[in-house]
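Asker: A single structure is presented below for examination.
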Amino acid sequence: MVTVTASAPAKVILFGEHAVVYGKPALAGAIDRRVYVTARERSDRTVILRSEDMKTKEESLHLDGLGMVDTRGEFRYVKKALELAFDRAGSMTGIEIEIDSRVPPASGLGSSAAVSVSTLMAVLTLLGEEVSIEEVARLGHNVELAVQGAASPTDTATSAFGGILFIQPGMDSEMDRYDRITVADLPLVVGYTGIERSTKVLVDSVRVLRQRFQKIVDPIISDIGRITGEAKRMFETGDGEGIGQLMNINHGLLEALGVCNDRLSRLVYASRNAGARGAKLTGAGGGGCMIAYTPENQNDVADAITACGCNAFSAHISIEGVRVEKG
Ligand code: MEV
């Protein structure tokens, strides 16, 4: 029986979260924390899903039940990814999927995207399919769309391609565009509030706010888009001070959209006071994580976050996106 392991990195959104759902660009980086998915072929028609990180550690179902995936269960991203992989291959098999994640779930670091793209890669490889990274990114985005209702291609593309990407989502029938940004190093400290939250709920909350105050919310979304465009230029010219300042402005606008909370704010201000060049929430907000840009004072910033009772770790950009593990 064939066994394949694939892995994919978590991500941080550097600029542009939420606005990217409305067609504005985002800048995101894959980080050096990965999710590993092992797919093992079975001789029967059972699907077994396992993960030590989920509250339900194991779930099993019959292959025929896959198409009826509900969008609430803990393994929903894996099941949808399996369904799309089987559709793409035009064949299906009983299978065991084991997830080993080094990324806290529901933390804004894109663990669901990393799970989705690594499941797609592992299963398609196991079925003998040749698949490009572009296709895995596209299928991964379809997994998120099916599970969340609304999702930009940011998380799945960053996890699939790796590195730092400037993502311009194509609205309607346009294609998404990805530009790779090359930087020598991007020293970041990630602070984790420990509060799990749902991306879908936060994306919905911005939609509701926009419905009520469209004339106020639309300019905020456009400004976030402009900040992201300007940040791309700062990366190209190596203007670290500008990157930090733009992060701070971006954070203020995310506050205005109502996706921040007091613990995130505390970590952002503690980081700036400890010498970060800039700090902002990352991802959907509402808890989850923040990032601080720390070309200097990295230890002081991590200590300041820890002193607030939260976890901090330094993150480096992972150039490699999704990959099949050897051996
Ligand atoms: C979530 O990591 C980022 C959001 O912009 C949602 C999305 O892009 O799909 C909040």
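The values are calculated or read from the model by the stated rules, or taken from the named source; none is laboratory data. Note that this is a predicted model, so its numbers are computed, not measured. As a convention, Cβ positions derive from the backbone with ideal geometry for all residues, glycine included, and neighbour counts pool all protein chains shown. Side chains are part of the model used for accessible areas, which takes the heavy atoms of the whole protein and leaves out ligands, DNA and RNA. Shrake-Rupley method; radii C 1.70, N 1.55, O 1.52, S 1.80 Å.
Asker: Evaluate E = 1/(1 + (r/R0)^6) for residue 56 and residue 239, where r is the Cβ-Cβ distance and R0 equals 51 Å; express this FRET efficiency to the nearest 0.05.
Answerer: It comes out at approximately 0.60.
Asker: Grab the beta carbon distance between residue 177 and residue 218, set R0 = 22 Å, and tell me the FRET efficiency rounded to 0.05.
Answerer: That gives a FRET efficiency of 0.50.
Asker: Determine the percent antiparallel among the DSSP beta bridges restricted to the chain, to the nearest 5.
Answerer: The answer is about 90 percent antiparallel.
Asker: So what's the convex hull volume per residue for the Cα atoms of segment 139-283, in Å³?
Answerer: 131
Asker: Here's a follow-up. For segment 3-182, how many pairs of lysine residues have a Cα-Cα distance under 20 Å, where the two are 8 or more positions apart or belong to different chains?
Answerer: Values: 11/24; 55/79; 55/80; 57/79; 57/80.
Total qualifying Lys-Lys pairs in segment 3-182 comes to 5.
Asker: So what are segment 3-182's ellipsoid semi-axes, whole angstrom, largest first, if each one is the square root of 5 times an eigenvalue of the alpha-carbon gyration tensor?
Answerer: That gives 27, 16, 15 Å for the three semi-axes.
Asker: Now for a different question. Longest span of the chain, sites excluded, free of GluC sites (Glu not before Pro) in DSSP loop with at most 16 other C-beta atoms within 10 Å?
Answerer: Within the chain, the longest run free of exposed GluC sites (Glu not before Pro) spans 197-295.
Asker: Could I ask something else about it? Pull out the extension gain between residue 74 and residue 248, defined as 0.36 nm times the separation in residues minus the alpha carbon to alpha carbon distance; nm, one decimal.
Answerer: Values: separation 174, 0.36 × 174 = 62.64 nm, distance 3.41 nm.
Extra length from residue 74 to residue 248 when fully extended: 59.2 nm.
Asker: Let me ask you something else. Tell me the label-point distance for the pair residue 256, residue 230, using the 7 Å Cα-to-Cβ offset, in nm and rounded to one decimal.
Answerer: 1.2
Asker: Please determine, in degrees from 0 to 90 and to the nearest 10, the orientation of helix 133-148 with respect to the longest principal axis defined by the Cα atoms of the chain, where the helix direction is its Cα long axis.
Answerer: Here the helix axis deviates by roughly 80 degrees.
Asker: Could you please state, rounded to a whole Å, how far the C-alpha centre of segment 128-160 is from the C-alpha centre of segment 263-327?
Answerer: 25
Asker: For segment 206-285, state which chymotrypsin sites (Phe, Trp or Tyr not before Pro) are in a DSSP loop and have at most 13 other beta carbons lying within 10 Å of their beta carbon.
Answerer: Here the chymotrypsin sites (Phe, Trp or Tyr not before Pro) that fit, given the DSSP loop and packing criteria, are 213.
Asker: For n ≥ 4 DSSP H runs only, could you compute -39500 (n - 2.57) per run for the chain, divide by its residues and tell me the 222 nm figure to the nearest 500?
Answerer: -13000 deg cm²/dmol
Asker: Using a probe of 1.4 angstrom, how much of the accessible area of the chain is carbon and sulfur, in percent?
Answerer: The C+S portion of the solvent-accessible surface of the chain is 48 percent.
Asker: Which whole-number percent is the relative contact order of the chain (Cα, under 8 Å, 6+ apart)?
Answerer: For the chain, the relative contact order is 25 percent.
Asker: Find the relative contact order for segment 184-262 and round it to a whole percent, using C-alpha pairs within less than 8 Å whose residues are 6+ positions apart.
Answerer: Taking the mean separation of contacting Cα pairs over the length of segment 184-262, I get 30 percent.
Asker: Extension gain residue 89-residue 269, at 0.36 nm per residue separation less the Cα-Cα distance, in nm?
Answerer: Full-extension gain reported as 59.9 nm.
Asker: Report the far tail of the P(r) of segment 51-101, meaning the percent of Cα-Cα pairs longer than 15 Å.
Answerer: 45
Asker: Can you list which of the trypsin sites (Lys or Arg not before Pro) found in segment 38-103 are DSSP loop residues with at most 16 other C-beta atoms within 10 Å?
Answerer: In loop regions of segment 38-103 (DSSP not H, G, I, E or B), the sparsely surrounded trypsin sites (Lys or Arg not before Pro) are 42, 45, 55, 57, 72, 102.
Asker: Also, I was wondering about something else. Extent of segment 145-198 along each principal axis, from alpha carbon coordinates, in Å, largest to smallest?
Answerer: 37, 32, 15
Asker: How many percent of Cα pairs in the chain exceed 36 Å?
Answerer: Cα-Cα pairs of the chain separated by over 36 Å account for 17 percent.
Asker: Moving to a separate point now. Working out 0.36 nm times the residue gap between residue 211 and residue 32, then minus their Cα-Cα distance, what length gain in nm do you get to one decimal? Walk me through the numbers before you get to the answer.
Answerer: Numbers: separation 179, 0.36 × 179 = 64.44 nm, distance 3.77 nm.
Here the segment from residue 211 to residue 32 would lengthen by 60.7 nm.
Asker: Could you estimate the translational diffusion coefficient of segment 16-117 from the Stokes-Einstein equation, with Rh from the Kirkwood formula over C-alpha pairs, at 37 °C and 0.692 mPa s, in whole µm²/s?
Answerer: My calculation gives 219 µm²/s for D.
Asker: Relative contact order of segment 3-182: what whole-number percent is it, with Cα pairs under 8 angstrom and at least 6 residues apart?
Answerer: RCO, segment 3-182: 29 percent.
Asker: Could you give me the percent of Cα pairs per 10 Å distance bin for segment 86-219, shortest bin first, beginning at zero and ending with the bin that holds the maximum distance?
Answerer: 10, 33, 37, 17, 4, 0
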